[in-house]
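The values are calculated or read from the model by the stated rules, or taken from the named source; none is laboratory data. In this text the structure is predicted, and so the values were computed from the model without any measurement. Cβ placement follows ideal geometry from the backbone for every residue including glycine, while neighbour counts extend to all protein chains displayed.
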Amino acid sequence: MSTATVPRTATQTKVVQARNVSKVFKRDAFEVKALDDVSIEIGAGEFLALMGPSGSGKTTLLNMIAAIDRPTSGELLVLGDNIFRFSDGQSARWRNEHIGYVFQTFNLIPVLTAFENVELPLLLTKLSAQQRRDHVMTALKLVGLEDRVNHLPKQLSGGQEQRVAIARAIVSDPTLLLADEPTGDLDSHSATEVLDILKRLNEDSHKTVVMVTHDPHAASYAHVTRHLEKGMLLPPA
Amino acid sequence: MTLTRFVSKNAFRNKRRTALTIVSIAFSLLLLTVMMTIWRAFYLTEGSAESAQRLITRNKVSLVFWLPSYYRGKIRAMPGVKQVVNESWFGGQYKDQKPENMFAQFGTDPQEFFDVYKDLSIPPDQLAAWQKDRAGCVVDAELAKKHSWKLGDRLFIKGVIFPFDLELTIRGIFTSNQPTESIYFNSAYIDEGFPQIKGRAGFFGVLADSPENVPKVAKEIDETFKNVERPTKTESEHAFQLGWIAMMGNVKAFILSICLAVVFAILLVSANTMAMSIRERTREVALLKTLGFTRGKVLVLFVGEAVALALAGGLIGALTASALIRAAANAPGLNFFLSGVRVTGLTMLVALLVAATVGLVSAFLPAYHASRQNIVEGLRHIG
Ligand SMILES: Nc1ncnc2c1ncn2[C@@H]1O[C@H](COP(=O)(O)OP(=O)(O)O)[C@@H](O)[C@H]1O
Ligand SMILES: [Mg+2]
């Protein structure tokens, strides 16, 4: 691979810089320390797998990075932005532009077709209907579902639903793709399809991917695997 | 897809619930529209204060017999009487005998006519012009429109009962809530054209000082002109409506309370539907916000959905009310009470506004709540 094909940012820019990030959830008298003094740097173009037992704080960390939750203490820069200075509106627009989020349970809107589900984030942009259509079709082709555009989620298999969800996550061409146990609800065949897509998005489209998983096979797709335990990030192996 | 399309797809997510909501809103707005129309018809139109205060004094034997003009002064002096004006039916013919060219012509006193008929309105300069021109007349705006008459046009009315014709100049165009199908000219024209009947009038329009005094004034007039050569019969202009008018206070409160109850009921129906359907979408709200929807956008989506549903129901209700009232107005037995009663555009508009407001108000709280919801909590929501 010649250096020319590697994006300039890949070797230099840190997409995520977390320093001593802690998160405490308060529930009545209970306090849960979901993240405990986590420091991590994720470089552009990286494919990181985040593993750990249930309740170890994986989702919480992902939510921090996506600016949908705030740390109780610590510092967190994402794409160089101090995202916790953002207002609600600013962080919403920032997510729309820079973050693609894939959930374990797909979270497709049941009354919308595959096409419309993918188009949803673009409704917030200034793109014309034709431009939106082009973007949506590109995204659906990337996940191999260009022949399922008018299907409703209930007419799709689990694997196909997750691929629609991935298309929705990448349709606005975000820098950072966050996937929270994307294969958790899938059979092994569908899981492999989804993982292949994530790998391709990382390699061909240079997306930075952070994937939470329980599954060592899934983690093997990533460049780096980090472990969380009781909110603490274990040192790299 | 557009955001509007997204809203409508959301609205029809649960088809049965949506249909039931629309139908109940439609029913309520049907009722509301009918109530508003009745209110308008009885209270704003025919039940206008002047109409309720007006009496007609005519010859006891028949309308075709005359009364002496001096009765006017005597009536005016009676307690409870504010204004009196003489009116005489000319019964002439305009152009030909075709029905579309038929309308009534009355000789009257231009100085006092519009004081008695305060619910007819005419621009002051036109009234002054009519009062100055003894051969002038004023015409109903509807008639003027029908025949394309303008100010200054000359009307030739051929005498049928009387052996002379009228040559009138249109000096004024008056408007009224209900078509009068009439023109009015100076009764001096008749006195001069046919001096034999000078000093007589066809009937008198009497304005009492209050609706309550109408029966008393009627009695007083007829008592005064009882044992005379030409006795009178005095009745309220809308005699058959007197019962209504007397009750109007109660009817008003009754209609108002029904309207309020209806609005309140649809508010609850709509609020319940929206609260339910928004709660079911807790996870989706969190998803939308993850995708980049702001609080404001989420709020607009849900409120828009409720307003769209309410407007759909409102439109169905108002149109059905309109059709029903149209049918009732033509139905034998009902047409006597409802002739000319229509659901006006304004009433429809008010109904739709009420519907939209109900949608807005009913959705605002749950939608606001949803828009402020914590994304993390929303994504963890099971259900
Ligand atoms: N919104 C919340 N309120 C209260 N406790 C929470 C909330 N989110 C997460 N937690 C708690 O924080 C801990 C970490 O949760 P999470 O990040 O979802 O774990 P993981 O994704 O690794 O399974 C758990 O103990 C969980 O119960
Ligand atoms: Mg989790």
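How many of the residues making up the range A:168-196 are within 16 Å of ligand 1 (Cβ to nearest atom), buried (at least 23 other Cβ atoms within 10 Å of the Cβ) and not hydrophobic (A, V, I, L, M, F, W, C)? Show your work before the answer.
Pass one, the range A:168-196, residues within 16 Å of ligand 1 (Cβ to nearest atom): A:178-185.
Now drop any that are not buried (at least 23 other Cβ atoms within 10 Å of the Cβ), which leaves A:178-179, A:182-183.
In the following step, the residues that additionally are not hydrophobic (A, V, I, L, M, F, W, C) were identified as A:182-183.
Looking only at that region, the number is 2.
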Any hit, the range B:280-302, residues being within 14 Å of chain A (Cβ to nearest Cβ), surrounded by fewer than 20 Cβ atoms within 10 Å (Cβ to Cβ), within 16 Å of ligand 1 (Cβ to nearest atom) and within 24 Å of A:Phe106 (Cα to Cα) = yes
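Table: residues versus (1) away from ligand 2 (no atom under 16 Å from the Cβ); (2) under 15 Å from A:Gln162 (Cα atoms); (3) modelled with pLDDT of 95 or more.
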{"site": "A:Leu201", "(1), (2), (3)": "yes, yes, yes"}
{"site": "A:Ser205", "(1), (2), (3)": "yes, no, no"}
{"site": "A:Thr225", "(1), (2), (3)": "yes, no, yes"}
{"site": "A:Leu228", "(1), (2), (3)": "no, no, yes"}
All positions within the range A:65-91 that are without any contact (Cβ under 8 Å) to a residue 12 or more places away in the chain and not polar (S, T, N, Q) = A:Arg85, A:Asp88, A:Gly89
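With in a strand (DSSP E or B), away from chain A (no Cβ under 14 Å) and modelled with pLDDT under 90 as the only criterion, which of B:Leu63, B:Leu55 stands out?
Values: B:Leu63 fails: in a strand (DSSP E or B).
Step by step, each of B:Leu63, B:Leu55 is checked, and only B:Leu55 is in a strand (DSSP E or B), away from chain A (no Cβ under 14 Å) and modelled with pLDDT under 90.
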A:Asp69 being modelled with pLDDT under 95, over 15 Å from the mean Cα position of the chain (by Cα) and either within 13 Å of chain B (Cβ to nearest Cβ) or more than 16 Å from ligand 2 (Cβ to nearest atom) (or both) | no
Within the group B:Leu166, B:Leu67, B:Leu155, which residue is over 19 Å from B:Lys198 (Cα atoms) and surrounded by 16 or more Cβ atoms within 10 Å (Cβ to Cβ)?
-> B:Leu155
Among residues belonging to the range A:11-57 that are away from chain B (no Cβ under 14 Å) and β-branched (Val, Ile, Thr), point out the one that is farthest from ligand 1 (Cβ to nearest atom).
-> A:Thr11
Report the residue count in the range A:38-57 for those that are at pLDDT below 95 and out of contact with any Lys or Arg (no Cβ under 9 Å at 6 or more places or on another chain).
-> 1
If we keep just the residues of the range B:152-193 that are in a strand (DSSP E or B) and small (Gly, Ala, Ser), which is modelled with the highest pLDDT?
-> B:Gly172
Has the range A:69-83 got at least one residue that is buried (at least 22 other Cβ atoms within 10 Å of the Cβ) and assigned to a loop (DSSP other than H, G, I, E, B)?
-> yes
Can you name every residue in the range B:190-199 that is of a type outside the set (S, T, N, Q) and out of contact with any strand residue (DSSP E or B) (no Cβ under 6 Å at 6 or more places or on another chain)?
-> B:Asp191, B:Glu192, B:Gly193, B:Phe194, B:Pro195, B:Ile197, B:Lys198, B:Gly199
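Give the residue that is farthest from A:Val16 (Cα to Cα), with candidates limited to residues of the range A:112-129 that are assigned to a helix (DSSP H, G or I) and at the interface with chain B (Cβ under 7 Å from one of its Cβ atoms). Quick ask: steps written out before the conclusion?
Quick first cut of the range A:112-129, residues assigned to a helix (DSSP H, G or I) only: A:114-124, A:129.
In the following step, the residues that additionally are at the interface with chain B (Cβ under 7 Å from one of its Cβ atoms) were identified as A:116, A:119-121, A:123-124.
On the way: A:Glu116: 31, A:Glu119: 27, A:Leu120: 26, A:Pro121: 23, A:Leu123: 27, A:Leu124: 25 Å.
Among those that are assigned to a helix (DSSP H, G or I) and at the interface with chain B (Cβ under 7 Å from one of its Cβ atoms), it is A:Glu116.
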Among (1) more than 16 Å from ligand 1 (Cβ to nearest atom); (2) at pLDDT 95 or above; (3) under 19 Å from the mean Cα position of the chain (by Cα) - the single one A:Glu116 does not satisfy | (3)
Inspect the range A:92-111 for any residue being assigned to a loop (DSSP other than H, G, I, E, B), within 16 Å of ligand 1 (Cβ to nearest atom), within 14 Å of chain B (Cβ to nearest Cβ) and surrounded by 21 or more Cβ atoms within 10 Å (Cβ to Cβ) and give the result as yes or no.
-> yes
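Listed here are the residues, each with its yes/no results for (1) surrounded by 14 or more Cβ atoms within 10 Å (Cβ to Cβ); (2) out of contact with any helix residue (DSSP H, G or I) (no Cβ under 6 Å at 6 or more places or on another chain); (3) over 21 Å from B:Ser69 (Cα atoms).
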| residue | (1), (2), (3) |
| --- | --- |
| B:Val85 | yes, no, no |
| B:Gly91 | yes, yes, no |
| B:Lys95 | no, no, yes |
| B:Met102 | no, yes, yes |
| B:Gln105 | yes, yes, no |
| B:Asp109 | yes, yes, no |
| B:Pro124 | no, yes, yes |
| B:Ala129 | yes, yes, yes |
Within the group A:Thr138, A:Thr60, which residue is at the interface with chain B (Cβ under 10 Å from one of its Cβ atoms), in a helix (DSSP H, G or I) and either more than 16 Å from ligand 1 (Cβ to nearest atom) or modelled with pLDDT of 95 or more (or both)?
-> A:Thr60
Taking the range B:1-14 and keeping residues at the interface with chain A (Cβ under 10 Å from one of its Cβ atoms) and either in contact with a strand residue (DSSP E or B) (Cβ under 8 Å, 6 or more places away or on another chain) or of a type in the set (A, V, I, L, M, F, W, C) (or both) leaves B:Met1, B:Leu3, B:Phe6, B:Ala11, B:Phe12
Residue that is nearest to the other protein chains (Cβ to nearest Cβ), among those in the range B:15-36 that are touching a Ser or Thr at 6+ places or on another chain (Cβ under 7 Å) and closer than 18 Å to B:Ser277 by Cα = B:Arg17
Taking strands (runs of 3 or more DSSP E) that fall entirely within the range A:170-237, which contain at least 2 residues that are over 15 Å from the mean Cα position of the chain (by Cα) and touching a residue at least 12 places away in the same chain (Cβ under 8 Å)?
-> A:224-229
Kindly list the number of the only condition in (1) more than 16 Å from ligand 1 (Cβ to nearest atom); (2) modelled with pLDDT of 90 or more that fails for B:Ala328.
-> (2)
